[in-house]
Structures are given as C-alpha cells and as structure tokens.
1. Out of the residues in the stretch 137-153 that are in contact (Cβ under 8 Å) with a residue 24 or more places away in the chain and surrounded by fewer than 16 Cβ atoms within 10 Å (Cβ to Cβ), which is nearest to residue 97 (Cα to Cα)?
2. Within the stretch 90-120, work out how many residues are surrounded by fewer than 16 Cβ atoms within 10 Å (Cβ to Cβ) and not in a helix (DSSP H, G or I).
3. Whether any residue in the stretch 54-69 is within 14 Å of the chain's Cα centre (by Cα) and closer than 28 Å to residue 144 by Cα is what I want to check.
4. Out of 137, 169, which single residue is part of a helix (DSSP H, G or I), over 24 Å from residue 74 (Cβ atoms) and in the same structural domain as residue 86 (by TED's automatic domain parsing)?
5. Looking at the structure I just gave you, is residue 124 assigned to a helix (DSSP H, G or I), in contact (Cβ under 8 Å) with a residue 60 or more places away in the chain and within 16 Å of the chain's Cα centre (by Cα)?
6. For residues that are in contact with a helix residue (DSSP H, G or I) (Cβ under 7 Å, 6 or more places away or on another chain) and surrounded by 18 or more Cβ atoms within 10 Å (Cβ to Cβ), scanning just the stretch 154-169, find the one that is farthest from residue 113 (Cα to Cα).
7. Do we have residue 185 as at pLDDT 95 or above, under 16 Å from residue 92 (Cβ atoms) and assigned to a helix (DSSP H, G or I) here?
8. Restricting the search to the stretch 154-164, which residues are in contact (Cβ under 8 Å) with a residue 24 or more places away in the chain and in a helix (DSSP H, G or I)?
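The values are calculated or read from the model by the stated rules, or taken from the named source; none is laboratory data. If you're wondering where the values come from, they're calculated on a predicted model, not measured in any experiment. FYI the Cβ positions are ideal-geometry reconstructions off the backbone, even for glycines, and counts take in every protein chain you see.
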C-alpha cells in the first residue's frame, strides 16, 4: 500500500482550499444575481456547500467576499458596457448607446442594487462604485462626443437620464417594459442634445 508523498498532501489541501474559495465567491455572485442583494455568511455557506467556519477561514469578513466577487466578474461587466456599434448618425448612436446600457443594466441590475445597498457600509465597494460611475461617464462621451459641446447642466442631465438609477426607476418603480424604458431614455437624451 502506498502513502501519499508529503509533497502531494499540501497540494491537495491547497486545491481543496481554492475550490472552497471559488465556491464561496460563485455562491455569493449567484445569489446576488438572483435577487438576494445582501446575502449573509450563513446563506453563502449553505449555497456553496461549505461550513460557516470555512467561510471565515478563507475570508476575513463579508466585505472581503464582496470585494473579491466584484474583482472576479469586473471584466464581464465592463465588456457589456464597452461593446456596441458606435458608428452612425447622432440619433443612431444615441439609440445604440441606450440599448447597450439597457443590456448591461438588465444583466447586472441586481449586482448594482447590491452595491448601492452596501456601499455605505463598505468603503471599498463605495470606491468601486465611484470608479464604475466614472467609467460609465467616459463611455457615454465615447458614444456621443457631441456631449463635450453641451452646457454643463444639459450634460449632467443626460448622465442622469442614462444612469442605472433612472433605468431602475422606469423598470421597477414604474413597471415599464424594457422597450418602453429604452424609448423614454432615447427620447429624453435626444431632446436634451437637440435643445442645445
């Protein structure tokens, strides 16, 4: 009978440890995406199939889980918002920009709501949210360089209309369809641009 070599035992432990960490992160992300915006450590441990002690053996606190979860999927989030065909007339680009944002907001709306709910509690999430907001502003200017010619009030109004918070109001609070919400945002952005 052979016994495991001393060099393979730590590797096995490391692999199990890494699998547990990944399971905890994926469980957290899946729960948030499904609508549990602030999952508890107990909920995460049950979903991941690990003990509650294992959660805190791998992570100092829930903040560190949320931070790593954000880092894990950041590239996916950014790919959605950075994509899209940016050619065409101003009106076409406004439509395409709003459609691209709507796609991202629909896919990751619960992640954004979770971050909004937790950002006052965790400074790193607050900084991450601010970074995403700066990225979204820059991205909208990439779609619509004409924004540089607007007065500051009109430009800020357009950023407000194109924001997730406004989108969430239309979709959740006003119960509008995705198509209707896109139409309203497009109409308002067009009106603000043309008013100049």
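1. If we take residues in the stretch 137-153 being in contact (Cβ under 8 Å) with a residue 24 or more places away in the chain and surrounded by fewer than 16 Cβ atoms within 10 Å (Cβ to Cβ), then 142 is nearest to residue 97 (Cα to Cα).
2. 1
3. no
4. On the way: 137 fails: over 24 Å from residue 74 (Cβ atoms).
Sole residue among the options that is part of a helix (DSSP H, G or I), over 24 Å from residue 74 (Cβ atoms) and in the same structural domain as residue 86 (by TED's automatic domain parsing): 169.
5. When the stated conditions are applied, residue 124 passes them.
6. Residues of the stretch 154-169 that are in contact with a helix residue (DSSP H, G or I) (Cβ under 7 Å, 6 or more places away or on another chain), as a first pass: 154-155, 157-162, 164, 166-168.
If we keep only those that are surrounded by 18 or more Cβ atoms within 10 Å (Cβ to Cβ) as well, we get 155, 158, 161-162, 164, 167.
On the way: 155: 24, 158: 21, 161: 17, 162: 16, 164: 9, 167: 12 Å.
Among those residues, the one meeting the criterion is 155.
7. yes
8. Matches in the stretch 154-164: 154, 157, 158, 161, 164.
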